[in-house]
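What follows draws every value from the coordinates through simple rules; no lab data is involved. Model, not experiment: these values are computed from the prediction. Please note: Cβ atoms are built from the backbone with ideal geometry, for glycine as well, and neighbour counts cover all protein chains shown.
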Amino acid sequence: MLATMVGHLLAICIGISLGLIGGGGSILAAPVLIYVMSVPAKAAFAMTLAIVGFVSLIGAIPHWRQGNVNLGIAALFSPAAMLGAYLGARFAALPFITSTLQLVTFGVMMLIASISMIRKGAGKFKAERDADPPYHPSIPKRLLIPLEGLGVGALTGFVGIGGGFLVIPALVLLGGISMKEAVGTSLIILALKSVAGFAGYVGHVTIDGNLLLSFTIASTLGILVGTYLNQFVTAKQLEKGFGYFVLAVAIFVLIKQGSW
């Protein structure tokens, strides 16, 4: 009972992080499902895709109303990302891909994500993401967006990570949109590739429907709160602290795998 309550409180926090910084939801959802709710790893990664995908779609609505969604960039990024997510999930569902391999990969990607969040704010990316109006990338740069989408999508399908720490910089640097617009647009992209990734798992893992529903509802409440708060704070103010938290979770995941 206590684990269930804690897990759903954390689900609300997952939604808040998605609403505030456009990422972090899938990075937190899988560990909560695995280590708090005792869901098997492969099923947890599949459920993460369904939860974060639905919650991201809901969270994108307020961003859309605020004018922070660029459908043109989303259309350029999403098809390749959806293909990558489906293929990544089908690969993860193969019998020789063990839960340990997925979790170690997940932990390593969390480490990379945490370092990215902690260091973000320096150098070229900071100058360009803070530009107002945003700079205009060259045509060759924009052509790299689908390639980025394919790679991030494959990662999403394999370990459930939405890749907001990769998607948002790509949208800013390659798409030439502002940071707030990138956050809103990334939610649309995350929703689409999460659906594709979940489809790749269907029929290969057993899903707890009741837990999936309740966790999704809790996360949805969180993202509505996070999206509202997004009007008053900037992602830059939060990412460093969140990065240190993700780093701690990544170390925990890797230590748990090393102890098995």
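Just a few scattered comments:
- Here the gap between Ile97 and Asp208, fully extended at 0.36 nm per residue and compared with their Cα-Cα distance, gives a gain of 37.8 nm.
- The slack between Tyr228 and Gln66, meaning 0.36 nm per residue of separation minus the straight C-alpha distance, is 57.3 nm.
- Relative packing of peptides 240-252, 32-44 - highest average C-beta neighbours within 10 Å first: 32-44, 240-252
- Spatial separation of Cα centroids for the stretch 61-79 and the stretch 147-218, in angstrom: 14 Å
- Förster radius 22 Å - calculated FRET efficiency between Tyr244 and Tyr35, Cβ distance, rounded to 0.05: 0.70
- Here's how it looks for Gly162: its modeled amide H is under 5 Å from those of Ser26, Ile27, which are all 5 or more places away or on a different chain.
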